[in-house]
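Here's the structure, in structure tokens; my notes come after.
The values are calculated or read from the model by the stated rules, or taken from the named source; none is laboratory data. All values reported here derive from a predicted model rather than from experimental measurement. Cβ sites come from the backbone with ideal geometry, for glycine too, and all protein chains shown count toward neighbours.
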Amino acid sequence: MRKTVLKSTNCKNCGGQMKFDPKTQQTVCSGCSSTMEDPREQKEELSCPNCGAVLAIVKGTSQTECKSCDSVFSIVQDDDSGDQKEISENHKFIDPFNIPQDEYQKGMISWLANTKGVPTDVFDKIAIIAFEGRYVPYYYCTVDYKMQWSASIGHEREETYTDYVKKTTKGRTRMVPVTKSRTVTDWSPHSSSSTGRINLVCEASDYFKNAKDKIMGANKKKNEKKIIGSFDSFYIDENFKNIVYGNTATKIEKLDVKYTAGFKLIPFEEPVSKVYDKTKINNEIYARIKKDAPGDRIKNISFNGDIDNEYYVIYRPYWITKYSYDDTAYLNICDGNNAASHIGNTPIDKNQKLKFKKMFLPFKISLGVMIIFAIIAGILGEPAEGADVTQSSYSLFIGLSSLSFVVAGIFGIVGMIRRNGALNKSKDIVVKQASNYLNNSKTIFDRKSAITDPVD
């Protein structure tokens, strides 16, 4: 039987909305500044306990919001069915925000300023479409295995042998013995056991992919940089591995409403079975057996045994900003525990891009001339044997082609130097402008964009 529990994050004292403060690591009321103790619970109801409005519960989510009074509730469901049935409550973790909002905003300004190619007026024109902190869910799976394996083990040894080679002396050829050496492998059957743990991780939601696709789809490609950075770098499999082994120094906690107050939780969109990758598990076991096996070589590996797996969920924190420049939408995502870890896309300076094309025009012309001369030389063909090579048209065009190649190389190097110089100069201008906003990031983040959020 399904049981639904709503945990209110409204203040008990004044009714204001509670919010987790990354700086103090406490849940604080935005109205009276009191801190949260135990959240109030409401069981077996799907109506807002504050105003009575009907609450919409989205499958896979751990949070809901009342559209009438803006109250936010965490959802605890006791359900023996569904994709998360294999994940017990004590296997649900959260990595709380450690970077406060103002620190993230400064980090984004610095990231934008240090990205080469952005327009020099970027901080005068950007406006905020939407800005918020979100927790994104990940699945983790620990696989403990006990395997019996067998294989052919090879031990290498050096042996000498006699070979016969031809030797010619005074016009007479004869076969003479020569001593050589070679490596020989002696193969023998071997069997043993292998035990260990494998850690697997995957996103439990397509939020990042969808956000990236929607932003890139909304942008005019000629006016944007592609996504800078890799979403893969946001996985925390090493941190989670430490959590499972119990030797982590990072601030990972059991999932609790006090950490989610004031932040949105991205709902589950993928089945938990997605994280259990049999191919990865078999490949990892194979690699470990091969590494630990005795001898110099190994072949014909086969193994079988027992596997015991446990599933976990961990919510990771991200500061997410959708912003605009010249009526185009852009995206910035920052690790909620590292203000310097950003991915996203940025506008580019169109005028500067045109200047770069002109800088490399001599290089392109020289390269084209070189190709033309090479084609002409190929049509003429090499001079006949015995002909005066220095007087042939072929040699003339080969020489001109080689000269054009050298000239093109020089122009290319000059173009790269000029381009890098221009990029560094514009970057210095943007960095200098950014310094004016680092102490007052609200100047930018209070600037609202007229563009509708293309993601949500």
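The table below lists the values:
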item: Within the stretch 263-308, considering residues that are among the charged types (D, E, K, R), part of a strand (DSSP E or B) and exposed (fewer than 12 other Cβ atoms within 10 Å of the Cβ), the one nearest to the chain's Cα centre (by Cα); result: Asp308
item: Members of the stretch 260-307 found to be in contact with a helix residue (DSSP H, G or I) (Cβ under 8 Å, 6 or more places away or on another chain) and farther than 20 Å from Val201 by Cβ, listed by number; result: Ile298, Ile301, Phe303
item: Residue check for Ala293: hydrophobic (A, V, I, L, M, F, W, C), in contact with an Asp or Glu (Cβ under 6 Å, 6 or more places away or on another chain) and in contact (Cβ under 8 Å) with a residue 12 or more places away in the chain; result: no
item: Residue in the stretch 122-131 that is out of contact with any Pro (no Cβ under 7 Å at 6 or more places or on another chain) and farther than 30 Å from Asp446 by Cβ present; result: no
item: Qualifying residue in the stretch 393-400 (condition: of a type in the set (S, T, N, Q), in a loop (DSSP other than H, G, I, E, B) and surrounded by fewer than 17 Cβ atoms within 10 Å (Cβ to Cβ)); result: no
item: Options Lys322, Lys357: the member that is of a type in the set (D, E, K, R) and either farther than 30 Å from Glu253 by Cα or surrounded by fewer than 15 Cβ atoms within 10 Å (Cβ to Cβ) (or both); result: Lys357
item: Residue match in the stretch 202-218 (condition: in a strand (DSSP E or B) and surrounded by 10 or more Cβ atoms within 10 Å (Cβ to Cβ)); result: yes
item: Yes/no for Ile314 being within 25 Å of the chain's Cα centre (by Cα) and either of a type outside the set (D, E, K, R) or in a loop (DSSP other than H, G, I, E, B) (or both); result: yes
item: Residues of the stretch 325-354 classified as surrounded by 13 or more Cβ atoms within 10 Å (Cβ to Cβ) and free of Cβ contacts under 8 Å to residues at least 40 places away in the same chain, total; result: 0
item: Scope the stretch 395-440; condition out of contact with any Ser or Thr (no Cβ under 9 Å at 6 or more places or on another chain) and hydroxyl-bearing (Ser, Thr, Tyr); matching residues; result: Ser395, Ser401, Ser402, Ser435
item: Some residue of the stretch 440-448 being outside any helix (DSSP H, G or I) and modelled with pLDDT under 80; result: no
